[in-house]
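Written out below as structure tokens is the structure these notes cover.
The values are calculated or read from the model by the stated rules, or taken from the named source; none is laboratory data. What you see is a predicted model, and the numbers here were worked out from it, not measured in a lab. Neighbour counts are summed over all protein chains in view; Cβ atoms, including those assigned to glycine, are modelled from backbone coordinates with ideal geometry.
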Amino acid sequence: GEDVEQSLFLSVREGDSSVINCTYTDSSSTYLYWYKQEPGAGLQLLTYIFSNMDMKQDQRLTVLLNKKDKHLSLRIADTQTGDSAIYFCAESGSSNTGKLIFGQGTTLQVKP
Amino acid sequence: NAGVTQTPKFQVLKTGQSMTLQCAQDMNHNSMYWYRQDPGMGLRLIYYSASEGTTDKGEVPNGYNVSRLNKREFSLRLESAAPSQTSVYFCASNEVNNQPQHFGDGTRLSIL
């Protein structure tokens, strides 16, 4: 079945790089997404990658996709305290309905 | 620049009471979704509507009903609220398959 797994917690120091990892099961997923959720707010789309790409860079964010291992990562360079949030990985799956399958979310704690 | 609007933002109910959560989007999206978010469990899909006039069950539909009133609005109803339905509820929408979903800010529901 479709499943997305993430580690639950990551702590880094301000200025360091953060790497949040995700594994998924559905190799037919067309898109893979990263969302950010700040306390008390909804999910905000950070970035996404098409399944035929290996890497996508957007300012401080780098997404790496390893299709063979079904592994997705999000790297945040020069992590700031404002990056503290929950980060969700999601895959589009094999359904044609627009549904997404979300991971449990990784809480990123940035220490000053 | 409203996007997805959910009302109310907070609600406290007693066990057995009924309640309708409202969601509206102004992006002319075809598909709309209702999720619940519980600690450590990520987002779980309750119901979705792939297009106006259609609704389908998601992962956790028991105890809920939905109505796709028109293209803009998708409501979620709890007919007889139970403490297990205490959660944060999110509505989302997207245009077509494999497009990112856009989220509302959530409704925080407590059932005593």
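Of the residues that make up the stretch B:73-89, is at least one facing another protein chain (nearest Cβ under 10 Å), under 19 Å from residue B:12 (Cβ atoms) and of a type in the set (D, E, K, R)?
Checked the stretch B:73-89: no residue is facing another protein chain (nearest Cβ under 10 Å), under 19 Å from residue B:12 (Cβ atoms) and of a type in the set (D, E, K, R).
Can you give me the ranges of the strands (runs of 3 or more DSSP E) entirely in the stretch B:7-112 with at least 2 residues that are at pLDDT below 95 and either hydrophobic (A, V, I, L, M, F, W, C) or touching a helix residue (DSSP H, G or I) at 6+ places or on another chain (Cβ under 9 Å) (or both)?
Correct list: B:43-49.
Name the residues in the stretch B:31-54 that are more than 13 Å from residue A:98 (Cα to Cα) and among the polar types (S, T, N, Q), would you?
If the condition is that a residue be more than 13 Å from residue A:98 (Cα to Cα) and among the polar types (S, T, N, Q), then B:37, B:54 are the ones that fit.
Name the residue that is nearest to residue A:92 (Cα to Cα), counting only residues in the stretch A:12-42 that are of a type in the set (Phe, Trp, Tyr) and within 11 Å of chain B (Cβ to nearest Cβ).
In this case the residue turns out to be A:31.
Do you know which of the residues in the stretch B:23-65 that are closer than 19 Å to residue B:86 by Cβ and away from chain A (no Cβ under 14 Å) is surrounded by the fewest Cβ atoms within 10 Å (Cβ to Cβ)?
Out of the qualifying residues, it is B:62.
Answer yes if at least one residue in the stretch B:49-70 is in contact (Cβ under 8 Å) with a residue 40 or more places away in the chain and out of contact with any Lys or Arg (no Cβ under 6 Å at 6 or more places or on another chain), and no otherwise.
No - not one qualifying residue is present in the stretch B:49-70.
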